[in-house]
Amino acid sequence: MNYPIFLSIVNAIQSDVENKKIQTESFKTWQDNTIFATGLELNIKLEVSTRYLQKLSINFDWDKYREFKLANQLNGLDSHPLLGINELQNAKTKPNIDVELMLSFKPDHCQPKFKEGKGNYRMDFANQWMDLITRRIQVNYGPQFNITRWHVEIEGDDSGKYLSNIQLISYLQFDLSKTNDMQDLKCFVKKSLKSLLVRSSRVIKISESIIEQTINLAI
């Protein structure tokens, strides 16, 4: 299935990423015709500039119903291939693009071994700063990060349990219903990407600061 509007969004993001000279680990699209969906996975390296985080992932999700809605809305897209499919005329979906922001932390750096530590102290220690980060984000961003959760994986060794994988995931939506044509859409996408990067940068700084302070207090 063809998604020319989403392809244009992908190209706009790629061009902006290259112009900003952002060091990407990967930039790839995917498509699943069984669920009529497509998307973009953008992974950005953080290891050089941060101590406790290693990667920022931004995932954009799209489908044929949103593609149709936007094609029906934008000027100059009369020849879009989906406009000729009658079954899409009654689609209730809004032309929103779903975005998932995922920050991956460095488990070893975030859970130092303390001489006096006993049992599952590393996992308990991580829970402290994770809770502080969540509260700080809620206070500073409110509805901008209305759905935020932690994904963790737990393992154990001779010193007790610890978190082997730590990710902070936020879900957002960008409403494209006010765009009028393809040029307008590309401008909106670039502004949205800038907003995502600014928000992510602030969350990274918050996370780095809180983890550093928590470690210093524990030493």
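The values are calculated or read from the model by the stated rules, or taken from the named source; none is laboratory data. Predicted, not measured: the structure shown is a model, and the values here were computed from it. Here the Cβ is made from the backbone with ideal geometry for all residues, glycine too, and neighbour counts use every protein chain on show.
Just a few scattered comments:
- Glu208 satisfies every condition listed in (1) outside any strand (DSSP E or B); (2) modelled with pLDDT of 95 or more; (3) in contact with a helix residue (DSSP H, G or I) (Cβ under 9 Å, 6 or more places away or on another chain) except (3).
- Positions within segment 1-35 being surrounded by 16 or more Cβ atoms within 10 Å (Cβ to Cβ) and part of a loop (DSSP other than H, G, I, E, B), in sequence order: Tyr3
- The residue that is surrounded by the fewest Cβ atoms within 10 Å (Cβ to Cβ), counting only those in segment 54-72 that are in contact with a Phe, Trp or Tyr (Cβ under 6 Å, 6 or more places away or on another chain) and touching a residue at least 60 places away in the same chain (Cβ under 8 Å), is Lys64.
- Extreme residue, surrounded by the fewest Cβ atoms within 10 Å (Cβ to Cβ), among residues of segment 36-49 that are of a type in the set (S, T, N, Q) and touching a residue at least 12 places away in the same chain (Cβ under 8 Å): Asn43
- Condition check for Thr148 on (1) under 25 Å from the mean Cα position of the chain (by Cα); (2) surrounded by fewer than 12 Cβ atoms within 10 Å (Cβ to Cβ): one failure, at (2).
- Residue within segment 101-108 that is within 24 Å of Ile206 (Cα to Cα), among the small types (Gly, Ala, Ser) and surrounded by 12 or more Cβ atoms within 10 Å (Cβ to Cβ) present: yes
- Cβ pairs under 7 Å, 6+ apart, first in segment 113-141 and in contact (Cβ under 8 Å) with a residue 24 or more places away in the chain and surrounded by 18 or more Cβ atoms within 10 Å (Cβ to Cβ), second of a type in the set (Val, Ile, Thr) and assigned to a helix (DSSP H, G or I): Trp129/Ile210; Trp129/Ile211; Trp129/Thr214; Ile133/Ile206; Ile133/Ile210; Ile137/Val203; Ile137/Ile206
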